[in-house]
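The values are calculated or read from the model by the stated rules, or taken from the named source; none is laboratory data. Just so you know, these numbers come straight off a predicted model, no measurement behind them. We place every Cβ from the backbone using ideal geometry, glycine too, and count neighbours over all the protein chains shown.
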Amino acid sequence: MTDMPPDFARKVDIRLTVNGETVEARVDAGRHLVDFLRLDLGLTGAHAGCEHGVCGACTLKVDGDIVRGCLVLAAQLDGAEVWTVEGLTDSGALADLQDAFVARNALQCGFCTPGMLVAAADLLADGGVPSRAEIREHISGNYCRCTGYEAIVDAIETVARARAGTEAAA
Amino acid sequence: MKAATAGYVRATSLSHAVTLLAASKGQARLLAGGQSLVAAMNLRLAGETALIDINGLSELGGITADGAVLRIGALTRHRELATSPLVASLAPAIAQAAPLIAHAAIRTRGTIGGSLAYADPAAELPACMLALGATIVVAGPQGLRRVAAEDFFVDLFTTALAEDEMITAVEVPFAEPGERQATLELARRSGDYALAGIVLARKADGPRIAFFGVGPTARLARSAMAVLASGGDGEAAAAVLDRDLDPPDDVHAPAAVRLHLARVLLRRALAATQTGDA
(Lines give C-alpha, C1' and ligand atoms only; values in the text may rest on other atoms or scores of the structure.)
Protein backbone atom coordinates (compact mmCIF):
# COMPACT_ATOMS: atom_id res chain seq x y z
CA MET A 1 0.00 0.00 0.00
CA THR A 2 2.95 2.32 -0.48
CA ASP A 3 1.40 4.09 -3.44
CA MET A 4 -1.74 5.30 -1.65
CA PRO A 5 -2.51 8.97 -2.28
CA PRO A 6 -1.41 11.29 0.53
CA ASP A 7 -5.05 11.98 1.50
CA PHE A 8 -5.06 8.77 3.51
CA ALA A 9 -3.84 9.22 7.09
CA ARG A 10 -2.70 6.51 9.47
CA LYS A 11 -3.41 8.72 12.48
CA VAL A 12 -6.63 10.68 12.83
CA ASP A 13 -7.37 13.56 15.21
CA ILE A 14 -10.75 13.38 16.87
CA ARG A 15 -12.66 15.48 19.38
CA LEU A 16 -15.73 13.95 20.98
CA THR A 17 -17.52 13.72 24.28
CA VAL A 18 -17.31 10.58 26.38
CA ASN A 19 -19.66 10.32 29.32
CA GLY A 20 -20.24 14.05 29.10
CA GLU A 21 -16.60 15.07 29.06
CA THR A 22 -14.72 16.44 26.06
CA VAL A 23 -11.93 14.21 24.82
CA GLU A 24 -9.32 15.04 22.20
CA ALA A 25 -7.17 12.28 20.84
CA ARG A 26 -4.98 11.19 17.94
CA VAL A 27 -5.88 7.60 17.14
CA ASP A 28 -4.68 4.92 14.78
CA ALA A 29 -7.03 4.77 11.82
CA GLY A 30 -7.95 1.19 12.66
CA ARG A 31 -8.57 1.70 16.37
CA HIS A 32 -11.96 0.27 17.39
CA LEU A 33 -14.20 2.37 19.57
CA VAL A 34 -14.09 -0.26 22.31
CA ASP A 35 -10.29 -0.37 22.29
CA PHE A 36 -10.11 3.43 22.25
CA LEU A 37 -12.26 3.48 25.38
CA ARG A 38 -10.55 0.60 27.14
CA LEU A 39 -6.90 1.09 26.19
CA ASP A 40 -6.64 4.83 25.58
CA LEU A 41 -9.15 6.19 28.08
CA GLY A 42 -9.09 3.42 30.71
CA LEU A 43 -12.86 2.90 30.52
CA THR A 44 -12.89 -0.88 30.75
CA GLY A 45 -16.61 -1.37 31.38
CA ALA A 46 -17.44 -2.32 27.80
CA HIS A 47 -15.81 -5.63 26.99
CA ALA A 48 -14.05 -6.66 23.80
CA GLY A 49 -15.39 -10.15 23.15
CA CYS A 50 -15.56 -11.69 19.70
CA GLU A 51 -14.44 -8.52 17.88
CA HIS A 52 -16.52 -9.29 14.83
CA GLY A 53 -19.95 -8.12 15.85
CA VAL A 54 -21.48 -11.36 17.06
CA CYS A 55 -21.34 -11.38 20.86
CA GLY A 56 -22.52 -7.91 21.90
CA ALA A 57 -20.19 -7.57 24.91
CA CYS A 58 -18.94 -4.25 23.50
CA THR A 59 -22.38 -2.64 23.18
CA LEU A 60 -22.13 1.14 23.70
CA LYS A 61 -24.16 4.25 23.02
CA VAL A 62 -23.11 6.64 20.27
CA ASP A 63 -25.24 9.69 19.54
CA GLY A 64 -28.14 8.14 21.41
CA ASP A 65 -28.13 4.74 19.67
CA ILE A 66 -26.52 1.49 20.69
CA VAL A 67 -23.65 0.27 18.53
CA ARG A 68 -21.07 -2.47 18.44
CA GLY A 69 -17.90 -0.97 19.88
CA CYS A 70 -15.83 -3.42 17.82
CA LEU A 71 -17.47 -2.43 14.50
CA VAL A 72 -17.09 1.33 14.82
CA LEU A 73 -13.73 3.03 14.39
CA ALA A 74 -12.71 5.79 16.77
CA ALA A 75 -11.58 7.77 13.73
CA GLN A 76 -15.22 8.01 12.69
CA LEU A 77 -16.34 9.61 15.94
CA ASP A 78 -15.18 13.19 15.52
CA GLY A 79 -18.00 15.24 17.06
CA ALA A 80 -19.84 12.23 18.45
CA GLU A 81 -21.32 11.72 21.90
CA VAL A 82 -20.36 8.39 23.49
CA TRP A 83 -21.76 6.88 26.66
CA THR A 84 -20.27 3.84 28.34
CA VAL A 85 -21.59 1.71 31.15
CA GLU A 86 -19.48 3.78 33.57
CA GLY A 87 -21.09 7.06 32.54
CA LEU A 88 -24.56 5.57 32.46
CA THR A 89 -23.94 4.14 35.93
CA ASP A 90 -22.74 7.47 37.31
CA SER A 91 -25.76 9.24 35.86
CA GLY A 92 -28.11 6.78 37.55
CA ALA A 93 -29.67 5.81 34.22
CA LEU A 94 -29.02 2.12 34.83
CA ALA A 95 -29.59 2.00 38.61
CA ASP A 96 -32.92 0.18 38.55
CA LEU A 97 -31.68 -2.27 35.90
CA GLN A 98 -28.52 -2.96 37.89
CA ASP A 99 -30.55 -3.51 41.07
CA ALA A 100 -32.85 -5.90 39.22
CA PHE A 101 -29.91 -7.80 37.70
CA VAL A 102 -28.56 -8.30 41.23
CA ALA A 103 -31.94 -9.22 42.67
CA ARG A 104 -32.63 -11.79 39.94
CA ASN A 105 -29.04 -13.06 39.85
CA ALA A 106 -29.10 -12.15 36.16
CA LEU A 107 -25.39 -12.71 35.77
CA GLN A 108 -22.90 -15.40 36.52
CA CYS A 109 -19.43 -14.51 35.28
CA GLY A 110 -20.57 -10.99 34.42
CA PHE A 111 -18.61 -10.66 31.19
CA CYS A 112 -21.73 -9.96 29.14
CA THR A 113 -23.37 -7.77 31.77
CA PRO A 114 -22.22 -4.29 30.63
CA GLY A 115 -23.43 -4.99 27.09
CA MET A 116 -26.63 -6.54 28.39
CA LEU A 117 -27.37 -3.50 30.54
CA VAL A 118 -26.77 -1.05 27.71
CA ALA A 119 -28.89 -3.13 25.31
CA ALA A 120 -31.66 -3.48 27.91
CA ALA A 121 -31.64 0.25 28.64
CA ASP A 122 -32.00 0.89 24.90
CA LEU A 123 -35.08 -1.31 24.74
CA LEU A 124 -36.69 0.24 27.82
CA ALA A 125 -35.98 3.77 26.57
CA ASP A 126 -38.84 3.27 24.12
CA GLY A 127 -41.25 3.10 27.07
CA GLY A 128 -44.06 0.64 27.62
CA VAL A 129 -43.72 -2.92 28.79
CA PRO A 130 -42.20 -5.14 26.10
CA SER A 131 -43.26 -8.75 26.00
CA ARG A 132 -40.78 -11.42 26.97
CA ALA A 133 -40.52 -12.29 23.28
CA GLU A 134 -39.67 -8.67 22.48
CA ILE A 135 -37.07 -8.62 25.26
CA ARG A 136 -35.52 -11.81 23.91
CA GLU A 137 -35.49 -10.37 20.41
CA HIS A 138 -33.79 -7.17 21.56
CA ILE A 139 -31.04 -8.95 23.47
CA SER A 140 -30.65 -11.63 20.80
CA GLY A 141 -27.41 -9.94 19.77
CA ASN A 142 -25.88 -10.29 23.23
CA TYR A 143 -24.35 -13.63 24.12
CA CYS A 144 -24.29 -14.83 27.73
CA ARG A 145 -21.88 -17.74 27.73
CA CYS A 146 -23.16 -18.78 31.19
CA THR A 147 -26.62 -18.99 29.57
CA GLY A 148 -28.23 -16.77 32.19
CA TYR A 149 -30.87 -15.56 29.76
CA GLU A 150 -33.97 -16.52 31.74
CA ALA A 151 -32.90 -14.40 34.73
CA ILE A 152 -31.79 -11.58 32.44
CA VAL A 153 -35.19 -11.51 30.77
CA ASP A 154 -36.79 -11.59 34.23
CA ALA A 155 -34.74 -8.61 35.38
CA ILE A 156 -35.50 -6.53 32.28
CA GLU A 157 -39.20 -7.37 32.49
CA THR A 158 -39.25 -6.43 36.19
CA VAL A 159 -37.80 -3.01 35.46
CA ALA A 160 -40.14 -2.42 32.54
CA ARG A 161 -43.14 -3.16 34.74
CA ALA A 162 -41.80 -1.05 37.60
CA ARG A 163 -41.15 1.91 35.32
CA ALA A 164 -44.63 1.59 33.88
CA GLY A 165 -46.03 1.53 37.40
CA THR A 166 -47.71 -1.82 36.91
CA GLU A 167 -45.73 -3.69 39.53
CA ALA A 168 -43.50 -2.80 42.48
CA ALA A 169 -39.81 -2.88 41.75
CA ALA A 170 -38.06 -6.07 42.69
CA MET B 1 -8.22 -9.33 16.39
CA LYS B 2 -7.59 -5.75 15.44
CA ALA B 3 -8.24 -4.08 12.12
CA ALA B 4 -5.27 -3.58 9.82
CA THR B 5 -5.68 -0.17 8.27
CA ALA B 6 -3.58 1.38 5.55
CA GLY B 7 -5.11 4.79 6.06
CA TYR B 8 -8.31 6.71 6.50
CA VAL B 9 -9.85 9.72 4.83
CA ARG B 10 -13.21 11.43 5.24
CA ALA B 11 -14.89 12.18 1.96
CA THR B 12 -16.38 15.68 1.93
CA SER B 13 -18.65 15.29 -1.11
CA LEU B 14 -19.81 12.63 -3.53
CA SER B 15 -17.36 13.86 -6.17
CA HIS B 16 -14.57 13.82 -3.57
CA ALA B 17 -15.42 10.23 -2.71
CA VAL B 18 -15.45 9.18 -6.37
CA THR B 19 -12.13 10.97 -6.96
CA LEU B 20 -10.52 9.26 -3.97
CA LEU B 21 -11.89 5.90 -5.06
CA ALA B 22 -10.54 6.30 -8.59
CA ALA B 23 -7.16 7.52 -7.32
CA SER B 24 -6.81 4.51 -5.02
CA LYS B 25 -6.98 2.15 -8.03
CA GLY B 26 -8.95 -0.49 -6.22
CA GLN B 27 -6.89 -0.45 -3.04
CA ALA B 28 -9.30 1.58 -0.91
CA ARG B 29 -12.69 0.54 0.40
CA LEU B 30 -15.69 2.75 1.08
CA LEU B 31 -16.64 2.83 4.75
CA ALA B 32 -20.41 3.28 5.09
CA GLY B 33 -21.96 1.44 8.05
CA GLY B 34 -18.91 -0.76 8.35
CA GLN B 35 -20.83 -3.58 9.96
CA SER B 36 -19.44 -6.16 7.53
CA LEU B 37 -16.30 -4.33 6.42
CA VAL B 38 -14.91 -3.64 9.90
CA ALA B 39 -15.74 -7.19 10.94
CA ALA B 40 -13.81 -8.48 7.91
CA MET B 41 -10.92 -6.15 8.77
CA ASN B 42 -10.91 -7.35 12.37
CA LEU B 43 -10.77 -10.93 11.15
CA ARG B 44 -7.93 -9.90 8.81
CA LEU B 45 -9.98 -11.18 5.90
CA ALA B 46 -9.86 -7.81 4.20
CA GLY B 47 -6.07 -7.38 4.33
CA GLU B 48 -4.56 -4.01 5.12
CA THR B 49 -7.35 -1.73 4.06
CA ALA B 50 -7.41 1.97 3.19
CA LEU B 51 -10.76 3.52 4.07
CA ILE B 52 -12.79 6.27 2.46
CA ASP B 53 -15.36 7.26 5.08
CA ILE B 54 -18.55 8.41 3.33
CA ASN B 55 -20.64 8.83 6.46
CA GLY B 56 -20.55 12.62 6.22
CA LEU B 57 -22.16 12.74 2.77
CA SER B 58 -25.68 14.00 3.45
CA GLU B 59 -26.52 13.70 -0.27
CA LEU B 60 -26.45 9.92 0.18
CA GLY B 61 -29.21 9.97 2.79
CA GLY B 62 -32.96 10.39 2.68
CA ILE B 63 -36.02 8.36 1.74
CA THR B 64 -38.34 10.08 -0.71
CA ALA B 65 -41.33 9.19 -2.87
CA ASP B 66 -40.31 10.45 -6.30
CA GLY B 67 -42.82 9.96 -9.13
CA ALA B 68 -43.46 6.22 -9.24
CA VAL B 69 -40.41 5.14 -7.28
CA LEU B 70 -39.29 5.15 -3.70
CA ARG B 71 -35.80 6.59 -3.67
CA ILE B 72 -33.66 5.39 -0.79
CA GLY B 73 -30.25 7.00 -0.31
CA ALA B 74 -27.30 4.65 -0.02
CA LEU B 75 -26.45 5.75 3.53
CA THR B 76 -29.93 4.95 4.83
CA ARG B 77 -29.49 2.83 7.95
CA HIS B 78 -31.37 -0.43 8.43
CA ARG B 79 -33.16 1.07 11.42
CA GLU B 80 -34.47 3.89 9.23
CA LEU B 81 -35.81 1.28 6.77
CA ALA B 82 -37.58 -0.43 9.65
CA THR B 83 -39.25 2.74 10.94
CA SER B 84 -39.95 4.75 7.76
CA PRO B 85 -43.70 5.16 7.03
CA LEU B 86 -42.86 5.63 3.34
CA VAL B 87 -41.04 2.30 3.19
CA ALA B 88 -43.82 0.58 5.13
CA SER B 89 -46.50 1.77 2.72
CA LEU B 90 -44.67 1.74 -0.62
CA ALA B 91 -42.19 -1.14 -0.23
CA PRO B 92 -43.46 -3.22 2.69
CA ALA B 93 -41.10 -6.13 1.92
CA ILE B 94 -38.18 -3.86 2.80
CA ALA B 95 -39.86 -2.74 6.03
CA GLN B 96 -40.33 -6.40 6.92
CA ALA B 97 -36.75 -7.27 5.96
CA ALA B 98 -35.06 -4.54 8.00
CA PRO B 99 -35.79 -5.92 11.50
CA LEU B 100 -34.44 -9.29 10.34
CA ILE B 101 -31.03 -7.79 9.59
CA ALA B 102 -28.62 -8.66 12.41
CA HIS B 103 -29.29 -7.03 15.79
CA ALA B 104 -30.43 -3.60 16.98
CA ALA B 105 -26.88 -2.37 17.66
CA ILE B 106 -25.88 -3.31 14.12
CA ARG B 107 -29.02 -1.92 12.46
CA THR B 108 -28.21 1.52 13.84
CA ARG B 109 -25.05 1.62 11.73
CA GLY B 110 -25.52 -0.73 8.76
CA THR B 111 -26.60 0.87 5.46
CA ILE B 112 -28.58 -0.26 2.46
CA GLY B 113 -25.81 0.80 0.07
CA GLY B 114 -23.23 -1.14 2.04
CA SER B 115 -25.38 -4.25 2.11
CA LEU B 116 -25.98 -4.18 -1.64
CA ALA B 117 -22.36 -3.44 -2.51
CA TYR B 118 -21.17 -6.27 -0.26
CA ALA B 119 -23.66 -8.69 -1.86
CA ASP B 120 -23.61 -11.27 0.89
CA PRO B 121 -25.65 -14.24 -0.41
CA ALA B 122 -27.46 -14.52 2.93
CA ALA B 123 -28.36 -10.83 3.16
CA GLU B 124 -31.97 -9.72 3.01
CA LEU B 125 -31.75 -6.49 1.01
CA PRO B 126 -30.34 -7.84 -2.28
CA ALA B 127 -33.30 -10.23 -2.44
CA CYS B 128 -35.67 -7.35 -1.75
CA MET B 129 -34.19 -5.44 -4.69
CA LEU B 130 -34.68 -8.45 -6.99
CA ALA B 131 -38.23 -9.21 -5.93
CA LEU B 132 -39.31 -5.56 -6.09
CA GLY B 133 -37.60 -4.88 -9.44
CA ALA B 134 -35.42 -2.11 -8.02
CA THR B 135 -32.77 -0.10 -9.82
CA ILE B 136 -29.37 0.57 -8.26
CA VAL B 137 -28.02 4.08 -8.89
CA VAL B 138 -24.27 4.13 -9.22
CA ALA B 139 -21.77 7.01 -9.39
CA GLY B 140 -18.37 6.85 -11.04
CA PRO B 141 -15.89 9.10 -12.80
CA GLN B 142 -18.18 9.21 -15.85
CA GLY B 143 -21.20 10.27 -13.81
CA LEU B 144 -24.30 8.34 -12.78
CA ARG B 145 -25.64 5.12 -14.25
CA ARG B 146 -28.60 2.95 -13.33
CA VAL B 147 -28.36 -0.83 -13.06
CA ALA B 148 -31.35 -3.15 -12.77
CA ALA B 149 -31.11 -5.32 -9.66
CA GLU B 150 -31.27 -8.40 -11.89
CA ASP B 151 -28.01 -7.30 -13.53
CA PHE B 152 -26.36 -6.04 -10.36
CA PHE B 153 -25.77 -9.19 -8.32
CA VAL B 154 -23.25 -11.19 -10.32
CA ASP B 155 -21.81 -13.84 -8.02
CA LEU B 156 -20.66 -14.49 -4.47
CA PHE B 157 -19.75 -11.06 -3.00
CA THR B 158 -19.55 -9.79 -6.57
CA THR B 159 -21.62 -7.03 -8.15
CA ALA B 160 -21.71 -5.07 -11.38
CA LEU B 161 -19.93 -2.18 -9.63
CA ALA B 162 -16.66 -1.24 -11.29
CA GLU B 163 -13.61 -0.65 -9.12
CA ASP B 164 -14.13 3.13 -9.26
CA GLU B 165 -17.92 3.15 -8.74
CA MET B 166 -20.12 3.50 -5.67
CA ILE B 167 -23.82 3.16 -4.95
CA THR B 168 -25.64 6.44 -4.32
CA ALA B 169 -29.25 5.28 -4.02
CA VAL B 170 -31.79 2.67 -4.96
CA GLU B 171 -35.07 3.29 -6.77
CA VAL B 172 -37.86 0.89 -5.84
CA PRO B 173 -41.12 0.90 -7.83
CA PHE B 174 -44.12 1.56 -5.59
CA ALA B 175 -46.13 -1.47 -4.56
CA GLU B 176 -49.20 -1.71 -6.79
CA PRO B 177 -52.60 -0.98 -5.22
CA GLY B 178 -53.61 -4.19 -3.44
CA GLU B 179 -50.16 -5.75 -3.87
CA ARG B 180 -49.06 -7.76 -0.86
CA GLN B 181 -45.46 -8.41 0.01
CA ALA B 182 -43.71 -10.65 2.50
CA THR B 183 -40.14 -11.14 3.68
CA LEU B 184 -39.52 -14.25 5.77
CA GLU B 185 -36.43 -16.12 6.88
CA LEU B 186 -35.29 -19.01 9.02
CA ALA B 187 -32.16 -18.54 11.13
CA ARG B 188 -30.69 -20.52 14.00
CA ARG B 189 -30.51 -17.45 16.24
CA SER B 190 -32.65 -14.38 15.64
CA GLY B 191 -30.47 -11.91 13.79
CA ASP B 192 -27.96 -14.43 12.52
CA TYR B 193 -27.57 -15.10 8.83
CA ALA B 194 -30.56 -16.90 7.43
CA LEU B 195 -30.34 -20.57 6.52
CA ALA B 196 -32.90 -19.61 3.92
CA GLY B 197 -35.01 -16.55 3.22
CA ILE B 198 -37.66 -15.34 0.78
CA VAL B 199 -39.03 -12.07 -0.50
CA LEU B 200 -42.40 -12.36 -2.26
CA ALA B 201 -44.28 -9.59 -4.06
CA ARG B 202 -47.73 -10.46 -5.42
CA LYS B 203 -48.19 -8.29 -8.46
CA ALA B 204 -51.17 -8.16 -10.82
CA ASP B 205 -49.33 -9.99 -13.61
CA GLY B 206 -47.89 -12.66 -11.32
CA PRO B 207 -45.74 -12.95 -8.24
CA ARG B 208 -42.07 -12.07 -8.04
CA ILE B 209 -40.11 -14.34 -5.73
CA ALA B 210 -36.50 -13.95 -4.64
CA PHE B 211 -34.60 -16.23 -2.30
CA PHE B 212 -31.49 -15.54 -0.22
CA GLY B 213 -29.14 -17.79 1.70
CA VAL B 214 -29.60 -20.65 -0.74
CA GLY B 215 -26.95 -19.96 -3.37
CA PRO B 216 -24.02 -17.69 -4.25
CA THR B 217 -26.29 -14.68 -4.72
CA ALA B 218 -29.86 -13.70 -4.07
CA ARG B 219 -31.83 -15.01 -7.01
CA LEU B 220 -35.26 -14.94 -8.58
CA ALA B 221 -37.18 -18.22 -8.57
CA ARG B 222 -38.23 -17.95 -12.19
CA SER B 223 -39.68 -21.44 -12.55
CA ALA B 224 -41.82 -21.08 -9.45
CA MET B 225 -42.89 -17.61 -10.60
CA ALA B 226 -43.96 -19.03 -13.96
CA VAL B 227 -45.97 -21.82 -12.33
CA LEU B 228 -47.83 -19.35 -10.12
CA ALA B 229 -48.34 -16.82 -12.94
CA SER B 230 -50.01 -19.50 -15.05
CA GLY B 231 -52.40 -20.46 -12.28
CA GLY B 232 -50.48 -23.22 -10.53
CA ASP B 233 -50.80 -23.54 -6.78
CA GLY B 234 -48.17 -23.25 -4.06
CA GLU B 235 -47.47 -26.97 -4.04
CA ALA B 236 -46.80 -26.95 -7.77
CA ALA B 237 -44.52 -23.93 -7.35
CA ALA B 238 -42.67 -25.53 -4.44
CA ALA B 239 -42.20 -28.69 -6.51
CA VAL B 240 -40.18 -26.83 -9.16
CA LEU B 241 -37.94 -24.88 -6.78
CA ASP B 242 -35.10 -27.33 -7.41
CA ARG B 243 -34.92 -25.86 -10.93
CA ASP B 244 -34.41 -22.38 -9.49
CA LEU B 245 -32.18 -23.02 -6.50
CA ASP B 246 -28.94 -24.93 -6.11
CA PRO B 247 -27.99 -24.39 -2.48
CA PRO B 248 -24.57 -25.42 -1.20
CA ASP B 249 -23.73 -28.01 1.40
CA ASP B 250 -21.95 -26.33 4.26
CA VAL B 251 -21.36 -26.64 7.99
CA HIS B 252 -24.71 -25.02 8.78
CA ALA B 253 -27.00 -27.14 6.66
CA PRO B 254 -26.88 -29.67 3.83
CA ALA B 255 -28.24 -28.57 0.48
CA ALA B 256 -31.35 -30.73 0.90
CA VAL B 257 -32.21 -28.97 4.15
CA ARG B 258 -31.86 -25.54 2.60
CA LEU B 259 -34.05 -26.56 -0.35
CA HIS B 260 -36.64 -27.94 2.06
CA LEU B 261 -36.58 -24.70 4.07
CA ALA B 262 -37.00 -22.70 0.86
CA ARG B 263 -40.13 -24.71 0.07
CA VAL B 264 -41.44 -24.15 3.60
CA LEU B 265 -40.83 -20.42 3.24
CA LEU B 266 -42.55 -20.30 -0.16
CA ARG B 267 -45.69 -21.87 1.32
CA ARG B 268 -45.59 -19.52 4.30
CA ALA B 269 -45.02 -16.43 2.16
CA LEU B 270 -47.88 -17.38 -0.16
CA ALA B 271 -50.15 -17.87 2.84
CA ALA B 272 -49.04 -14.57 4.36
CA THR B 273 -49.86 -12.68 1.17
CA GLN B 274 -53.12 -14.48 0.37
CA THR B 275 -55.79 -11.94 -0.50
CA GLY B 276 -59.42 -12.49 0.37
CA ASP B 277 -60.49 -13.30 -3.19
CA ALA B 278 -57.42 -15.28 -4.23
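Some notes on this structure:
- Number of positions in segment A:108-152 that are surrounded by fewer than 19 Cβ atoms within 10 Å (Cβ to Cβ) and of a type in the set (Val, Ile, Thr): 2
- For segment B:116-139, the criterion of being free of Cβ contacts under 8 Å to residues at least 24 places away in the same chain and hydroxyl-bearing (Ser, Thr, Tyr) is satisfied by no residue at all.
- Count of segment B:178-194 residues, restricted to those that are more than 14 Å from chain A (Cβ to nearest Cβ) and modelled with pLDDT of 95 or more, is 7.
- Test: B:Ala91 is crowded, with 24+ Cβ neighbours inside 10 Å and either under 28 Å from B:Asp164 (Cα atoms) or of a type in the set (Gly, Ala, Ser) (or both): yes
- B:Ser13, sole failed condition from (1) touching a strand residue (DSSP E or B) at 6+ places or on another chain (Cβ under 7 Å); (2) more than 8 Å from every other protein chain (Cβ to nearest Cβ): (1)
- A:Asp122 vs. criteria within 14 Å of chain B (Cβ to nearest Cβ) and at pLDDT below 95: no
- Checking B:Ala262, B:Ala256 one by one, the residue that is modelled with pLDDT of 95 or more and in contact with a helix residue (DSSP H, G or I) (Cβ under 9 Å, 6 or more places away or on another chain) is B:Ala262 and no other.
- Residues that are outside any loop (DSSP other than H, G, I, E, B) and in contact with a Lys or Arg (Cβ under 9 Å, 6 or more places away or on another chain) within segment B:243-268 comprise B:Arg243, B:Asp244, listed in sequence order.
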